[in-house]
1. Multiply the residue gap between Met149 and Ala78 by 0.36 nm, knock off their C-alpha separation, and tell me the result in nm, one decimal place.
2. Can you put Leu50, Leu104, Leu142 in order of Cβ neighbours within 10 angstrom, beginning with the fewest?
3. If Lys and Arg each add +1 and Asp and Glu each add -1, what is the summed charge of the other residues whose beta carbon sits under 14 Å from the beta carbon of Pro58?
4. Dipole of the stretch 37-173, Cα-centred, from +1 at each Lys and Arg C-beta and -1 at each Asp and Glu C-beta, to the nearest 20 debye?
5. Ranked from highest to lowest mean number of other Cβ atoms within 10 Å per residue, what is the order of the peptides 72-83, 88-99?
6. Among residues other than Glu85 whose Cβ falls under 12 Å from its Cβ, what is the net charge (Lys/Arg +1, Asp/Glu -1)?
7. Per residue of the stretch 125-132, in order, report the coupling 6.51 cos²θ - 1.76 cosθ + 1.60 (Karplus, θ = phi - 60°) as ³J(HN,Hα) in whole Hz, putting x for Gly and Pro.
Amino acid sequence: MQHLLTACALACWLASVVALPALAAETANPASSIEQQFRRGEAALAQQRLAQALAQQPGDASLRFLQGVILSETGQGAEAALLFERLTQDFPGLPEPYNNLAVLQAAAGELALARGLLEAALRLDPGYRTAQQNLGDVYVRLAQRAYEMAAGSSPEPGLQARLRLARELAAIR
């Protein structure tokens, strides 16, 4: 199991976790309107507006976070991961960058790293449902890996049943 998610599943997972939940008041920051523009399919214009806004406010957490979201959703996961990592360093009290970095790490098969990042997000905000759900997904995939390693070529029915169940849970989206 090299990759955690298929491209389609990754896109669905990213779409469910990359919203801008608590980074800034929507009326006080252009990030919300830029994100809406991006979601409407006006990607080039949204990216242009984002670049302009970042030039004026390079330290704005919500704008930088949105930049990471757009990078991840446009297939630039490595760049997005670097950006989210910098956000965790520059704004260690924000749980969202940890969550989104964890999503990218999990998609790359780095489940232990993803688990640690999600646990960090939940230490910052224990009620962060998206991070809780993502942590559950990571645990399911970790369990699947463990059962696959344990099962090998073992015909043991109980172990095979657990492996089937873990695979079924991992496939639910």
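What follows is calculated from the coordinates using simple rules that are stated; it is not laboratory data. Just so you know, these numbers come straight off a predicted model, no measurement behind them. Methodologically, a virtual Cβ is constructed for each residue, glycine included, from the backbone with ideal geometry; neighbour enumeration extends over all protein chains shown.
1. Once the chain is fully extended between Met149 and Ala78, it gains 22.7 nm.
2. Leu142, Leu50, Leu104
3. That sum, taken over residues with Cβ under 14 Å, equals 0.
4. Dipole about the Cα centre, nearest 20: 300 debye.
5. Going from most to least packed, we get 88-99, 72-83.
6. Numbers: positive: Arg64, Arg86; negative: Glu79, Asp90.
Combined, the nearby Lys, Arg, Asp and Glu give 0.
7. With coefficients 6.51, -1.76 and 1.60, one gets 9, x, x, 6, 4, 4, 5, 4 Hz.
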